[in-house]
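Chemist: Dropping the structure in here first, questions after.
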């Protein structure tokens, strides 16, 4: 079967309507558009079989000519009303594509920022744990040294020994409190990271629900547009048949 040449403005208009309604993003989306238009363009005398890739390339060509304001290339055979509608649809499609590009770029930047922030928080937590463990090791070493010093100073007076023991106990209690404070800070950081993770999961869930609602709305609009397009093409087919019968 030879490739479809898009002979009339009405063919381009039908393609633009489907693209404006369905907003295709994947090859499967374009294949569905090709299936719908193949059915719409086919007649009892001639069967049309379009491909998704061909529809996408044709739309890219139309958008390129529209941006270049190449009206002669777009107009072909058709009415001024059809040409005006096609131009408006191409404007809408270009606007949608620009908006989607900006959204994707913004989402990519936000994702990268969140990823970097999570790495920074994780590294900060690791550093705090390391310092806490180093401090604990130093305090243990200091306590051991103090015990050895106390054992070696048995010749000192009883009062001096008692005073040293009290001071050692006070130092130990202070070290324990400091250690507890550092561990508490680590725990707070871990809880903060957990809350951020939960919040991110909720944001992703809301985004998925929003996309699902948009998809459902697009599908409903596409079905409505499909029925209207069928009706318009059937009217045109009947009109052309009547003209042929009169000739």
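Each value in this text was obtained by applying a stated rule to the coordinates, not by laboratory testing. Note that the structure is a prediction, hence the values are computed from the model and not measured. Please note: Cβ atoms are built from the backbone with ideal geometry, for glycine as well, and neighbour counts cover all protein chains shown.
Chemist: Kindly state, to the nearest 0.05, the FRET efficiency for residue 216 paired with residue 51, given R0 = 25 Å and r defined as their beta-carbon distance.
Modeler: Approximately 0.40, to the nearest 0.05.
Chemist: Right, another one. Apply the Kirkwood formula to the stretch 1-55: the hydrodynamic radius equals the inverse of the mean of 1/r over all pairs of different alpha-carbon atoms; give it in Å with one decimal.
Modeler: 11.4
Chemist: What residues from the stretch 96-113 fall in the zone where the backbone N is under 20 Å from a label point 7 Å along the Cα-to-C-beta line of residue 200?
Modeler: 104-113
Chemist: Which semi-axes, in whole Å and largest first, does the equivalent ellipsoid of the stretch 30-135 have when worked out from the alpha carbon gyration tensor as the square roots of 5 times its eigenvalues?
Modeler: Values: eigenvalues 574, 70, 16 Å².
The equivalent ellipsoid of the stretch 30-135 has semi-axes of 54, 19, 9 Å.
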